[in-house]
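The values are calculated or read from the model by the stated rules, or taken from the named source; none is laboratory data. The model shown is predicted, which means the values in this text are computed figures rather than measured ones. Note: ideal-geometry Cβ built from the backbone for every residue, glycine included; neighbour counts use all protein chains shown. Just so you know, the surface numbers come from the protein's heavy atoms only, side chains and all, with ligands and any DNA or RNA stripped out. Shrake-Rupley method; radii C 1.70, N 1.55, O 1.52, S 1.80 Å.
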Amino acid sequence: FTLTRADRDRLRAEAPAASRAVESLLANPSRLLILILVVNMLANVTYFVISAVAAAQSESAATNAVLGVAAVLTVTLFGEVLAKLAARAVRVEFCKRLAPSIALLGAVATPLIVFIERAIVQPAQRLAGGNADAPPVNTV
């Protein structure tokens, strides 16, 4: 999310709904990051489960090995590297197309995202010393 002020202005002029979605998402960067990480993890796990089922259907060890290596390379290349390069290269177009869907997904997943933020992320930040202004944790 390397949107410049000019990118955000252009987005506001060309796609007001997408601009509102982007502004809403960027209003809470911590929750946006959690959402992206959770969705990315679910997509990767789903892909690996499908790959494992395909490999289980094969009776050849060589085929299983090729499917395993192909699965890792595919996720790494397409899911991690190329997706991020494309999103960075065509930032405004990416936001026009995906920001409303991501905002909707974020709204639906809000209870899960808030739980992860409060139960995992914030305590981990306090333990790591990353949030000195956080209130102390009350213990019983």
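What the table below lists for this structure:
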{"item": "Most fluctuating residue given options Thr76, Thr110, Thr63, as computed from a GNM of the chain linking Cα atoms under 10 Å", "result": "Thr63"}
{"item": "Magnitude of the charge dipole, the chain, Cβ model with Lys/Arg +1 and Asp/Glu -1, debye to 20", "result": "420"}
{"item": "Farthest toward positive dipole pole in the chain [+1 Lys/Arg, -1 Asp/Glu at C-beta], among Ala43, Leu98, Ser24", "result": "Ser24"}
{"item": "Signed unit charges on C-beta, dipole axis of the chain, positive-most listed residue Ala15, Gly79, Ala61", "result": "Ala15"}
{"item": "The chain, accessible surface, carbon-and-sulfur percent (1.4 angstrom probe)", "result": "68"}
{"item": "Whole-number accessible area per residue in Å² for segment 21-125, which is evaluated in the context of all protein chains at 1.4 Å", "result": "64"}
{"item": "Answer label for mean projected area of the Cα convex hull in nm² (calculated), chosen among (1) 11.8; (2) 12.3; (3) 8.6", "result": "(2)"}
{"item": "Structure-based [θ]222 nm, the chain - -39500 (n - 2.57) summed over DSSP H runs of at least 4, per residue, nearest 500", "result": "-23500 deg cm²/dmol"}
